[in-house]
1. Restricting to region 86-115, what's the tally of residues that are assigned by TED's automatic domain parsing to the domain that holds residue 237 and within 19 Å of the chain's Cα centre (by Cα)?
2. Residues to consider are 134, 144; find the one that is buried (at least 19 other Cβ atoms within 10 Å of the Cβ) and out of contact with any strand residue (DSSP E or B) (no Cβ under 7 Å at 6 or more places or on another chain).
3. Can you tell me which residues in region 107-127 are more than 21 Å from residue 217 (Cβ to Cβ) and touching a residue at least 40 places away in the same chain (Cβ under 8 Å)?
4. Can you tell me which condition residue 69 does not meet? The list is (1) modelled with pLDDT of 90 or more; (2) surrounded by 12 or more Cβ atoms within 10 Å (Cβ to Cβ), and all the others hold.
5. If a residue must be surrounded by fewer than 15 Cβ atoms within 10 Å (Cβ to Cβ) and more than 26 Å from residue 8 (Cβ to Cβ), how many such residues does region 211-244 contain?
6. Can you tell which of 205, 256 is surrounded by 15 or more Cβ atoms within 10 Å (Cβ to Cβ), more than 23 Å from residue 128 (Cβ to Cβ) and at pLDDT below 95?
7. Please go through (1) in contact with a helix residue (DSSP H, G or I) (Cβ under 8 Å, 6 or more places away or on another chain); (2) assigned to a loop (DSSP other than H, G, I, E, B) for residue 28 and return the number of the only condition it doesn't satisfy.
8. Counting only residues that are touching a helix residue (DSSP H, G or I) at 6+ places or on another chain (Cβ under 9 Å) and modelled with pLDDT of 90 or more, which one in region 1-25 is surrounded by the fewest Cβ atoms within 10 Å (Cβ to Cβ)?
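The values are calculated or read from the model by the stated rules, or taken from the named source; none is laboratory data. Treat the numbers as computed from the prediction; the structure is a model and nothing was measured. Backbone-built Cβ (ideal geometry, glycine too); neighbour counts: all protein chains shown.
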């Protein structure tokens, strides 16, 4: 069976294209969304949590339509207004200074707040006090607020890992094909905030150390698969990444200064330091494909 293209890790053959044509012909009144769902069901194309890969499938159908390999029905709905950025509402929070030693704050409580009543507070904190603000994550993601008593002392966001990261990929030792298959077993610490009124030595590294011990279990509950490795980026012009280093994160290298879809070889954004942390001792074996589907509990690295 000859290969036509590869899309998001799936090889598309002439037989696949013919199947899609027949599917469209058999359901002439179906919308593009409905056709996408039908194709996902026919191919059993699903995410780790069992949901159909609808958005990925729609992207595939659009690609084939633009290549004139299939003919999709006309869109049944178009937005009347251009998309707007999400408006983040400000949430009042006690900004009284918190100072002292770390032991005065413990025990800390870690709350996963995605899809909870505290999610607007998380958004507001990042929007107001993180230099990157808040942006809606793409793909799998979790959001945490860290409490000392009733006071918030930290906020962390975790999302899907970068598509291609040369220094990380060399460190793990996986091939491009294996990376595409197993990238969902990594997570990216996209935001980490200690509010400016919290000034407690060693708090940030302590929070990171606690966080990596529970992240995989929480990911398993939400997405039905574990996490074996985490990564983050630090912009050296702004931060040294001291709290990550103190929490034993490993310096993997630097970014290229280009996005993964950059059409040229020229840098178009700041070069950042890449740090990583293995969550299990067998992370290389698991991420290279030897037992990557296992869901058993691993010893912490």
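1. 5
2. 134
3. Passing the criteria: 125, 126.
4. Unmet condition: (1).
5. 9
6. 256
7. Here residue 28 meets the rest and fails (1).
8. By that ranking, first place goes to 19.
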